[in-house]
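Have a look at the structure below, then the notes.
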Amino acid sequence: MFDLSHIHPMIVHFPIALLIIGFLADLTGAVTKKEFFNKAGFYLLILGTLGVVAGYISGDYAGDGVTEAGALGQALELHEHAAELTLWLMLGTALVRIAAVSFKKYTGVIKIIAMVLFFAGVLSIARTGYYGGELVFKHAAGVQLNLGLDFNSLNNNSDIKVEDDDDD
């Protein structure tokens, strides 16, 4: 059965990739002075920020079922705080960039500020992803193991015979 909490791990990789590639495109545009890269960076920033919003909402839903205790609780809290910082940082970065592009002011100091914000957002989403990875790979949050051992079906399986040693 499909579980809505599975949406979060399905989508979180997209904003990470979109924002990293978007920042690299922006940086390439700043160095080469080619408008193509500036536009690509802009569109990837918008798409990546929408992905951050979706990731934040789906992560909030996925985290509702996790009991916060001990090391898992601390790791979950770190991931949540990092995600919230990333959300606000990327929303702010996208709004600054949209305003600068709309008013045709994406030059000089405003361009530098926008790029510094974008870089801070990339660092923040990398940090958030790192903490999310720790949740899964270190704390096994959301991991369900099925080693093929279903004890109920073993007891009901007629192919398995348990021999009794009471032959006296």
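The values are calculated or read from the model by the stated rules, or taken from the named source; none is laboratory data. Not measured: the values here are computed from a predicted model. Virtual Cβ from ideal backbone geometry, glycine too; neighbours counted across all protein chains shown.
Just a few scattered comments:
- Picking from residues in the range 66-88 that are of a type in the set (Asp, Glu) and either at pLDDT 85 or above or under 11 Å from the mean Cα position of the chain (by Cα) (or both), the one that is farthest from PHE137 (Cα to Cα) is GLU84.
- Among (1) buried (at least 20 other Cβ atoms within 10 Å of the Cβ); (2) within 30 Å of ASP3 (Cβ to Cβ) - the single one GLY70 does not satisfy: (1)
- Taken together, the residues in the range 105-135 that are loosely packed, with under 14 Cβ neighbours inside 10 Å and under 17 Å from ALA83 (Cβ atoms) amount to 3.
- Scan of the range 84-117 for residues that are touching a residue at least 24 places away in the same chain (Cβ under 8 Å) and closer than 15 Å to LEU50 by Cβ, ordered by number: THR86, LEU87, LEU89, MET90, LEU91, GLY92, THR93, ALA94, ARG97, ILE98
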